[in-house]
Amino acid sequence: MTISRKADGYYVTLSLEDKSVPALTTEVEPTLKNTLGIDMGLKEFLVTSVGESVPIPQYYRKSQQRLKTLQKRLSSKKKGSKRWLKAVKAVAKQHKKVADKRKYFHFKTANELLSKAEVIAHENLNIKGLAKTRLSKSINDAIWGSIPVYLKCQSRKCWSENYRSEPQKYQPRLLKLW
């Protein structure tokens, strides 16, 4: 049992183990018909190998003005006062709203992808390294790292498979040879 506190209250997580439930084994043979590749980007959240694209909702960018006003109100309060605590809770609730919207979007996207194919291949991106560039706000707003996690969790439930591939580096030497 785990008790966690978030901006809107307390949550209790119960974890049970039942020996009578059989373990799921995913033994799906990848073929061209049941395989789907995805490429994550900044213009589109992801593009599938079929050519379908999912736009980036940019929840953080849309709520940035509201967060700015709430944080300004917070900075004008005396630290430790009741009004300061109230302002802290308001900022935390706004951040939680953004996080919940992202989580819902990622679960919905993962379920749509798994309904289209049994095997999903995606890039293994260095998100921490990319987040240190000047595109960090856009990269962190897209949260590419959570979609593979959701795909992995959902694929266990759906008897499907999830593959990671290393990103290919641009090599001009090979292009000149051809």
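Couple of notes before you dig in:
- Cα gyration tensor shape of region 1-135, rounded if a/c is under 1.5, else prolate or oblate by comparing a/b with b/c: oblate
- Qualifying trypsin sites (Lys or Arg not before Pro) in region 62-150, where qualification requires a DSSP coil assignment and no more than 16 other C-beta atoms within 10 Å, comprise 77, 78, 79, 132, 134.
- Dipole magnitude of region 1-53, debye to nearest 20 (Cβ charges: Lys/Arg +1, Asp/Glu -1, about Cα centre): 220
- 3J(HN,Hα) from dihedral phi, region 45-53, Karplus parametrisation 6.51/-1.76/1.60, rounded to Hz, x for glycine, proline: 4, 8, 10, 8, 5, 7, x, 6, 10
- Annotation: the antiparallel percentage among DSSP beta bridges lying fully within region 1-155 is about 75.
- Region 1-99: relative contact order in percent, alpha carbon pairs under 8 Å with at least 6 residues between: 18
- Annotation for region 1-106: GluC sites (Glu not before Pro) lying in DSSP loop with at most 10 further Cβ atoms inside 10 Å of their Cβ are 17, 27.
- Pairs spanning more than 23 Å between alpha-carbon atoms, out of 43/68; 68/128; 93/152; 72/96; 62/97: 43/68; 68/128; 93/152.
No lab work stands behind these numbers, since they all come straight from the coordinates. Model, not experiment: these values are computed from the prediction. Positions of Cβ are generated from backbone atoms using ideal geometry, with glycine treated the same way; all protein chains shown enter the neighbour counts.
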